[in-house]
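The values are calculated or read from the model by the stated rules, or taken from the named source; none is laboratory data. Since this is a predicted model, take the numbers as computed values, not measurements. Here the Cβ positions follow ideal geometry from the backbone for every residue, glycine too, while neighbour counts run over all protein chains shown.
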Amino acid sequence: MTKPSLQTVNPAPSPAGATPDPFDPANLRLSQSFVETAGVKKLLTTVPVRKPSPQDFVRVHPSPDYRDNFPIIELKDEREEYIVTAGLVPELNGEFVTKTLFLAINRQNTLFFWPVRLPAPDGKMLDWWRTAREAAELAMENWVRVKANMNLGAYDIYKAQSTMSDPEWPEQGFWDLIKIAFRDHLITTIDHPVIKRLRGQA
Amino acid sequence: MLDAFREVVTVDFEFTAITGERPIPICVVAHELRSGRRFRIFQDQLETTPPYATGPDVLFVAFYASAELGCYRALGWPMPERILDLFTEFRVHTNMGSKIDQDRRTPNGAGLLGALTYFGIDSMGATEKKEIRKAIGASAWHGHYTPKEILDYCETDVDALDRLLPVMLPQIDLARALLRGRYMAAAAAMEHAGVPIDVPTLELLRMSWTNIQDDLITAIDKDYGVFDGRTFKADRWKQYLLSHGIPWPTTETGALSLDDSTFRQMAKAYPEVSPMRELRSSLSELRLNDLAVGQDHRNRTILSAFRSRTGRNQPSNTKFIFGPSVWLRGLIQPPPGCVVAYVDWSQQEFGIAAALSGDLAMQASYRSGDPYLAFGKQAGAIPPDGTKKTHKSVRELFKQCVLGVQYGMEAEGLAKKIGQPVIVARDLLRAHRDTYRAFWKWSDAALDTAMLTGSLYTVFGWHVHVSETSNPRSLRNFPMQGNGGELMRLAACLATERGIEVCAPVHDAFLICAPFDRLDADIATMRAAMAEASKIVLRGFELGTDVSIVRYPNRYMDERGLTMWNTVTGLLHRPDLRQVA
């Protein structure tokens, strides 16, 4: 058993004004602060990179420190996204697109990166990208749900009307989370299998 | 560890214990361990004070001390000031989170013999001698055993205590052990007082119970239509539930769950179920002759302090008036010139969770006086100006959610309880997690602590030990239940030491008795003791109390049992039964 620490006790109660009675229950209280004593911390080992599901209400981290733009290669069939390191950008022009990665969270407290396209080099901005970005911005203050509307060619955006509590964001910094999310999805050399596949070398 | 005590006295009494009566001491044997002095005093030589030294520098050691202290009460001896109960400490040391593990850990039970065996101490001499024990307990020893034989028998237990004490001592957290010992004096005081009972009605009931059962079934069942003769028909119950829109838990096979615990839980959520629950439990379990009532018209039985896993009392369901059949509580009636008051902590479990977890939202909700309404408001489901009246049904959902969380209920269970789709239950539970995040973090950490360290403990060190068969839901609930027990024990100590006649502890309440002229003062003292206890246990957080007062000749009544009580008493006054009586 976990034995509470023993203390030397003086069995006789002290006269008034002297040291307190060691048997006074107020002096015997053991802490119930399990959060401090348990010393258990939930580890974040997976951060998916995906769009919010059409049923999910999500929030986006409002701090600018928790979003950034990245050159990204999408493998559409595998639904995978790879970050291209800065040094390779000149060599891979045309292979990647630029996306903003927003840190987002749903009502089940699942954290994920929400990739949203930036305009193409020619300035072209599809309604899909525009509405996704609008939704992400709205989600910085509100719980938001996005659903693709194929007829419209854009996302429908739904804002929760009821009062829902703000999410609890992780302690980790943006770059720590990026490392977790892209640890196996980082293209650092030109002979990366993804590049070889795109060039028909695989 | 005991150096600071001038004297250490191991003590055991033999006493007559007739059902419902106070103990009648036959003899006492005590050993003063420092000097080696031995005291063997038989009934006719017992005086007005103990034969050994008393005071704050004398340690009184016993095994299940409330029995010895009951004899102190009967003799009018002043209570010892420092009590070390080795039974209680054995329970602290071996208390397991599941029955299977409890049986494995203490295969010989938690009695003196079980403790000796557990610690590998020679139990020769302490082996129960059933015949002499039985004769003493039933006051039938005269002519069969001499005083010397009885004293010798008594001394075998003291010898055993002498061997047990040094072995257990290194395991004992003395300061807190003495607080537990102090409670044994309070338990003895409550057992001494007992609960006042309307004995003439009880006698009438005992005589007529068999004769009224058929009529009772007919009378109660007229609103349900589920009995066939004396047989409860599950399919008819199902029809009743369907027609009244009452959701009901099922077993793994899909059949309706029909155990008493389910009925009891469901009766809380659906009061219309209560009379059927009372009827079923009374027909199957009620043993009126077992209800322990003394010549002084007081119900009194051993409270079995520290017997439950959470450290709470576990008195016999059949002997104690606050057993499962709540309608029987109508038998509680203050004596002439007196009142009984039922003083209970408001939302005790919720308050403990709020205080110990440090969750400010939960604390605010508790302090609002209506945590269910407040929770609904905090979650945004009830507007700030909503009331219990304007948002009755929403409040009810949030209430069931709060209660469900306390029992570790998950979405499926809550959905059944509230009669809503699982998604509604899931949203309610999520709202609880969102609103009371600090509580959940603390609750998760409590479970982690249990699994990492192998035990959980209350503020005064009552431990539950964890193994692979421990139930995580029970472990989560332990800080509330266990510390609720600490609250009760400390309040019982403070109240009884201040002269309140505490008749019984009742889960999160006390029943006290007082003459008319002391009513206000005693209730105020009782409430102050409960407030003080909560502030000590909960780091300054004060739990509120509610009071219900019953004046003679009225009787106490639990509203869950009202229909059944009225039906039974109506039948008791049938002319044919009155003649029999």
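A few points about this structure:
- Count of segment B:445-469 residues which are within 8 Å of another protein chain (Cβ to nearest Cβ), part of a helix (DSSP H, G or I) and within 14 Å of residue A:32 (Cβ to Cβ): 5
- Set B:394, B:405: member being farther than 18 Å from residue A:165 by Cα, in a helix (DSSP H, G or I) and within 13 Å of chain A (Cβ to nearest Cβ): B:394
- Residue ID - farthest from residue B:339 (Cα to Cα), chosen from residues in segment B:193-235 that are of a type outside the set (Asp, Glu) and in contact with a Pro (Cβ under 9 Å, 6 or more places away or on another chain): B:224
- Check on residue B:484, over 30 Å from residue B:200 (Cβ atoms) and either not in a loop (DSSP other than H, G, I, E, B) or not aliphatic (A, V, I, L, M) (or both): yes
- Residue in segment B:102-112 that is under 22 Å from the mean Cα position of the chain (by Cα), closer than 30 Å to residue B:551 by Cα and aliphatic (A, V, I, L, M) present: no
- Filtering A:51, A:42, A:76 for residues that are within 14 Å of chain B (Cβ to nearest Cβ) and under 26 Å from the mean Cα position of the chain (by Cα) leaves a single hit, A:42.
- Residues of segment B:532-558 that turn out to be farther than 18 Å from residue B:198 by Cα and in contact with a helix residue (DSSP H, G or I) (Cβ under 9 Å, 6 or more places away or on another chain), as a count: 15
- Lone qualifier among B:539, B:518, B:560 - being surrounded by fewer than 23 Cβ atoms within 10 Å (Cβ to Cβ), more than 17 Å from the chain's Cα centre (by Cα) and at pLDDT 95 or above: B:518
- Test result for residue B:186, surrounded by 21 or more Cβ atoms within 10 Å (Cβ to Cβ), closer than 30 Å to residue B:552 by Cα and within 13 Å of chain A (Cβ to nearest Cβ): yes
- Of everything in segment B:1-29 that is among the acidic types (Asp, Glu) and over 27 Å from residue B:318 (Cα atoms), the residue that is surrounded by the fewest Cβ atoms within 10 Å (Cβ to Cβ) is B:3.
- Residue list for segment B:323-360, restricted to those being of a type in the set (A, V, I, L, M, F, W, C) and over 23 Å from residue B:531 (Cβ atoms): B:326, B:327, B:328, B:331, B:332, B:338
- Only one entry in B:40, B:73 is in a helix (DSSP H, G or I), among the charged types (D, E, K, R) and at pLDDT 95 or above, namely B:73.
- Odd one out for residue B:211, checked against (1) farther than 19 Å from residue B:281 by Cβ; (2) free of Cβ contacts under 8 Å to residues at least 60 places away in the same chain; (3) touching a helix residue (DSSP H, G or I) at 6+ places or on another chain (Cβ under 7 Å): (2)
- Among all positions in segment B:378-389, there is no residue which is assigned to a helix (DSSP H, G or I), surrounded by fewer than 16 Cβ atoms within 10 Å (Cβ to Cβ) and in contact (Cβ under 8 Å) with a residue 40 or more places away in the chain.
- Matching option when the condition is away from chain A (no Cβ under 14 Å) and outside any helix (DSSP H, G or I), among B:196, B:166: B:196
- For segment A:162-171, the criterion of being more than 21 Å from the chain's Cα centre (by Cα) and within 14 Å of chain B (Cβ to nearest Cβ) is met by at least one residue.
- Residues of segment B:135-160 that are under 27 Å from the mean Cα position of the chain (by Cα) and either closer than 26 Å to residue B:34 by Cβ or in a helix (DSSP H, G or I) (or both): B:137 alone.
- Matching residues in segment B:484-511 - criterion: being farther than 19 Å from residue B:70 by Cβ, away from chain A (no Cβ under 14 Å) and among the hydrophobic types (A, V, I, L, M, F, W, C): B:506, B:509
- Note on segment B:433-443: residues that are surrounded by fewer than 21 Cβ atoms within 10 Å (Cβ to Cβ) and more than 8 Å from chain A (Cβ to nearest Cβ) amount to 3.
- For segment B:56-70, a residue qualifies if it is more than 12 Å from every other protein chain (Cβ to nearest Cβ) and not in a loop (DSSP other than H, G, I, E, B), and the qualifying residues are B:61, B:62, B:65, B:66, B:67, B:68, B:69, B:70.
- Residue under evaluation residue A:178, criteria (1) under 25 Å from the mean Cα position of the chain (by Cα); (2) more than 21 Å from residue A:68 (Cα to Cα), criterion not met: (2)
- Single condition residue B:98 does not satisfy, out of (1) in contact with a helix residue (DSSP H, G or I) (Cβ under 7 Å, 6 or more places away or on another chain); (2) at pLDDT below 95; (3) among the hydroxyl-bearing types (Ser, Thr, Tyr): (1)
- Boolean, residue A:106 is surrounded by 11 or more Cβ atoms within 10 Å (Cβ to Cβ), within 14 Å of chain B (Cβ to nearest Cβ) and without any contact (Cβ under 8 Å) to a residue 24 or more places away in the chain: no
- Selection over segment A:174-191 of residues that are touching a residue at least 12 places away in the same chain (Cβ under 8 Å) and not in a helix (DSSP H, G or I) gives a count of 7.
- Neighbours by Cβ (under 6 Å, 6+ apart or cross-chain): first from segment B:238-267, aliphatic (A, V, I, L, M); second assigned to a loop (DSSP other than H, G, I, E, B): B:241/B:248; B:246/B:270; B:256/B:248
- The residues of segment B:436-492 that are free of Cβ contacts under 8 Å to residues at least 24 places away in the same chain and of a type in the set (Gly, Ala, Ser), listed by number, are B:445, B:454, B:455.
- Against the test of being free of Cβ contacts under 8 Å to residues at least 24 places away in the same chain, away from chain A (no Cβ under 11 Å), polar (S, T, N, Q) and surrounded by 16 or more Cβ atoms within 10 Å (Cβ to Cβ), the options B:420, B:400 yield a single qualifying residue, B:420.
- Scan segment B:241-267 for residues that are in a helix (DSSP H, G or I), farther than 16 Å from residue B:224 by Cα and of a type in the set (Gly, Ala, Ser) and the total you get is 1.
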